[in-house]
Every structure is written in structure tokens, then in C-alpha cells.
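First comes the structure, then the notes that go with it.
The values are calculated or read from the model by the stated rules, or taken from the named source; none is laboratory data. Computed from a predicted structure; not experimentally measured. Don't worry about glycine lacking a Cβ; one is built from the backbone with ideal geometry, like all the others, and counts go over all protein chains shown. In case anyone asks, the SASA skips ligands and DNA or RNA and just uses the protein heavy atoms, side chains included. Shrake-Rupley method; radii C 1.70, N 1.55, O 1.52, S 1.80 Å.
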Amino acid sequence: MVSYLQDPNELLAKEGAMKPIEIAEGIYLMAAVDWNIRDMHGYSTESGTTYNAYLIVDEKTVLIDTAKKGFEDDLMEGISQVIEPREIDFVISNHTEMDHSGGLPRIMHRVGEDKPLYCSKMGLKSLPLHFRQKWNYRPVETGTELSLGRKTLAFLETRMLHWPDSMFTYVKEDKLLFSSDAFGQHYAGPERFDDEIGDAIMPHAAKYFANILLIYAPLILKLVEKVQELGLAIDTICPDHGIVWRQDPAKIINAYVEWSKQKPKRKAVVVYDSMWHSTQKMAEAIVAGLAEQGVDAKPMHLRACHRSDVMTQVLDAGAVVVGSPTLNNGLFPTVSDFLTYMKGLKPQNKVGAAFGSYGWSGEAVKLINKELEAMKFDVASPGLKIQYVPDDKGVQAAYELGKKIAGALPSK
Ligand code: FEO
């Protein structure tokens with residue numbers, strides 16, 4: 001019976017109440033669905049997300065990861081549908097970030113504060129700095145194994161994917177990988193598996209990669225090599241966000257390899273802001289010049305497009321063209337914000353160019369160029385600045401700039 005005095009947000013949370021799903025014999029997915037989150041530390045999560053924990057019931061019972069603070073009741077309810085939480089023998093923390101560990105204090109309290117808590121060596125440093133608890137930490141390293149009875153867990157440290165403490169846990173007998181953040185997606189929906197959603201999940205996976213993992217692309221290529229070297233067969237990938245890859249785990253591994261290589265496409269993102277439509281007019285002419293040369297050109301106004309959606313387009317673009325009006329001798333704030341964000345994610349193999357309208361001082365183009373050079377972009381032009389409103393000659397110059405950038409891109 002629903003009480004009308006219940007908080008509507010609580011009701012919404014209940015819509016996603018935990019339903020444990022057995023994904024292999026004795027292995028359960030516990031997905032806490034966060035339908036309403038729209039911002040994850042500056043990344044727009046318009047489709048919500050899930051915090052996936054996993055329960056393995058064997059001779060020993062283990063819980064892998066928890067959920068964000070606030071979702072503990074949901075998780076506890078899920079565990080209780082399978083076993084009494086006190087029967088959990090060990091907890092594994094694959095990653096300290098609080099979307100996976102925020103529930104640890106409540107979970108450890110319920111499971112038993114003295115129960116072993118397995119984490120990486122770096123997790124041993126970061127967990128106490130988050131929770132100030134003297135739990136029974138058991139640090140592990142790559143190659144450490146833990147027998148649960150019929151199943152054997154093996155650990156693989158994956159530093160910087162996504163934090164220094166991150167690690168994977170692999171179930172040898174089921175060829176099943178708990179991959180923490182890697183291979184995840186910020187997606188809340190009714191589907192729990194790749195075969196239920198199909199290719200519709202790929203844009204979510206690409207956005208996640210572009211905004212969270214792009215900076216670590218060289219490490220991802222090395223990790224895939226290492227997994228191949230270790231001969232780890234993988235039938236199922238269980239990330240901590242979004243759907244489980246059980247039908248075609250190779251699909252997401254191959255996508256990660258491709259995204260990590262950052263091979264430029266004949267595609268350009270023209271990202272800008274504008275005060276009185278002059279920089280916008282230039283952006284549109286640049287896009288027309290690029291398109292005339294067969295480039296897939298995307299104009300993205302920074303007050304219409306979230307920085308994380310722009311980064312998703314930057315992922316496979318060959319060129320990033322940045323426009324800003326000069327405001328108070330500097331960049332327009334949204335453009336500074338975007339440049340800071342993109343610089344942190346370290347995209348590689350890009351052609352860059354700058355443009356912008358100005359009134360009297362006109363520093364913006366120079367400032368953008370400085371940032372593009374710092375990011376090691378191949379700067380295709382000294383940039384184009386136009387005083388006040390572009391006339392036909394100015395529009396033509398912007399169009400020609402688009403054509404020039406197209407010439408610096410690969411032919412296919
Ligand atoms: Fe989903 Fe790095 O946490």
C-alpha cells in the first residue's frame with residue numbers, strides 16, 4: 001500500500017527497486033538504478049545511470065562493490081532477496097570512487113565490521129582517507145587469487161582506469177570479468193544486458209569513454225595487450241554502470257581499442273559561444289566551408305550543447321575548431337570552461353583552429369591558439385578574428401578557413 005504521505009522522490013527511487021538477476025550460477029547482478037541523476041561531476045547524465053554491485057554465492061559469499069550513498073537500502077533489499085546480508089564472508093572494493101563505495105559504511109556495518117575487505121594496494125591508501133574506518137583491509141595485487149569454493153577469483157590492478165586504486169576481479173571458472181568503471185555507460189533503463197538493448201547502448205558507451213576514459217587511452221591499449229598476454233578468455237563483462245556485456249563482450253573491447261587509437265575521421269566539431277551572433281555567423285560559414293569539402297561538420301553552441309556532449313563528438317573528430325568573442329580582454333567563460341575540460345581529457349591527433357569576433361582588443365583567438373598548442377593540436381591556421389559584425393568579405397574568409405581546415409584532414 002502506497003502512503004500518500006511518502007516523499008515523491010522516494011517513490012521515484014522505489015520504481016527502480018532492486019531486483020537481483022542471476023547472470024551465472026550463483027552470481028547476481030544488483031543494479032541500483034539512479035533514474036534522476038543529471039550531473040556526475042560535470043558530465044551530463046541525461047539518461048541517468050546505475051550503480052552495479054555483484055553478489056557471488058559459493059562456499060564463501062562475496063559482495064563486489066556497493067552503490068552510491070543513498071542507495072544502500074536498495075542494495076540491502078536486493079541482497080536480502082538472495083541471502084541474509086550477515087552471511088556475506090568478504091567484500092571486494094574494485095574502486096574507491098564514492099559512486100561505488102559510498103554505501104560501504106552501511107554495508108560493512110550490516111555485514112560485520114570485522115569481515116575482510118579486499119582492495120588493491122592503492123585502495124588500501126584511498127579507502128581509509130574516504131571513510132576513516134579501520135576495516136579489515138586485505139590488499140591484493142595482479143595475480144592474487146581467492147578461492148570461494150567452486151569458484152576462484154583473480155585480481156588485476158588497473159591503475160588509473162579510472163583512479164589509481166581501480167582493479168578488475170575475474171571469475172576463472174565462468175570467464176566473467178567485473179570491470180569496475182571500464183566498459184560502463186551512464187544509462188538507466190529497463191535493460192540489463194547487451195542483447196536486450198542492442199546497438200542503442202553504443203552512443204552511451206562512447207560518451208562515457210570520451211568523458212571519463214579518453215585521458216587514459218594509451219593505458220587502455222596496454223591493458224588490452226596485457227589481457228591478451230595473460231590469455232584471459234572473457235565470456236561476460238560486468239561493469240559497475242549500465243548494462244552487462246554477455247552476448248558480445250568483444251564488441252565493447254574492440255570499440256575501446258578503436259576509440260583509444262584516436263584515428264582522426266573526416267569530421268570537424270566547430271564549438272563556440274557568441275554574444276551578438278557575430279561569432280555564430282563565423283561558425284556557420286566555417287561549417288559551410290568544411291561541408292563543401294565533404295567534411296562531416298558539427299556546429300556546437302556552448303549554451304545549447306553541454307561540454308560532455310561536445311567531447312563525445314570530439315572523440316572521433318579530426319578537427320576541433322574553437323570560436324569565442326573577446327570579453328573583457330579574455331575568452332568567453334563557456335569557452336574557457338570547455339577548453340579546460342577538453343585539455344584535461346588529452347585528446348590526440350587533432351587539427352585545431354580558432355576564430356572569433358571582437359570589439360576593440362581581440363585577444364580571444366590568440367588565447368585559444370595558446371590552448372590548442374598546449375594540447376599539441378596541429379594548428380591549421382593563425383586563426384580568424386573579425387571586428388564587430390562580419391560583412392560578406394568576413395563571411396567568405398570564414399568559409400575559406402573551413403575549406404583550409406578540411407585540407408588538413410585525412411581524405412577519408
Ligand atoms: Fe563510477 Fe570512477 O566511478
Count - residues of region 221-237 that are surrounded by 15 or more Cβ atoms within 10 Å (Cβ to Cβ) and either closer than 17 Å to F155 by Cβ or at pLDDT 95 or above (or both): 6
In region 131-158, the residues that are within 16 Å of the ligand (Cβ to nearest atom) and touching a residue at least 40 places away in the same chain (Cβ under 8 Å): T158
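Does region 208-261 hold any residues that are polar (S, T, N, Q) and either over 26 Å from T49 (Cα atoms) or in contact with a strand residue (DSSP E or B) (Cβ under 9 Å, 6 or more places away or on another chain) (or both), and which are they? Quick ask: steps written out before the conclusion?
Of region 208-261, the ones polar (S, T, N, Q) are 211, 228, 236, 247, 254, 260.
Correct list: N211, Q228, T236, Q247.
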Selection count, region 103-119, where residues are under 23 Å from E141 (Cα atoms) and either in contact with a Lys or Arg (Cβ under 8 Å, 6 or more places away or on another chain) or in contact (Cβ under 8 Å) with a residue 60 or more places away in the chain (or both): 5
Region 43-66 - residue that is over 30 Å from F338 (Cβ atoms) and acidic (D, E) and, of those, surrounded by the most Cβ atoms within 10 Å (Cβ to Cβ): D65
Cβ-Cβ under 7 Å pairs, at least 6 apart or on other chains, region 89-101 side touching a residue at least 24 places away in the same chain (Cβ under 8 Å), far side near the ligand (Cβ under 8 Å from one of its atoms) and hydrophobic (A, V, I, L, M, F, W, C): H95/W163; T96/W163; E97/W163
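In the set G189, G184, G198, G143, which member is on the phi > 0 side of the Ramachandran plot and in a loop (DSSP other than H, G, I, E, B)?
G143
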Search result, residues across region 67-102 that are in a helix (DSSP H, G or I), open to solvent by less than 30 Å² (accessible area, probe 1.4 Å) and away from the ligand (no atom under 16 Å from the Cβ): E72, D74, M76, G78, I79, P85
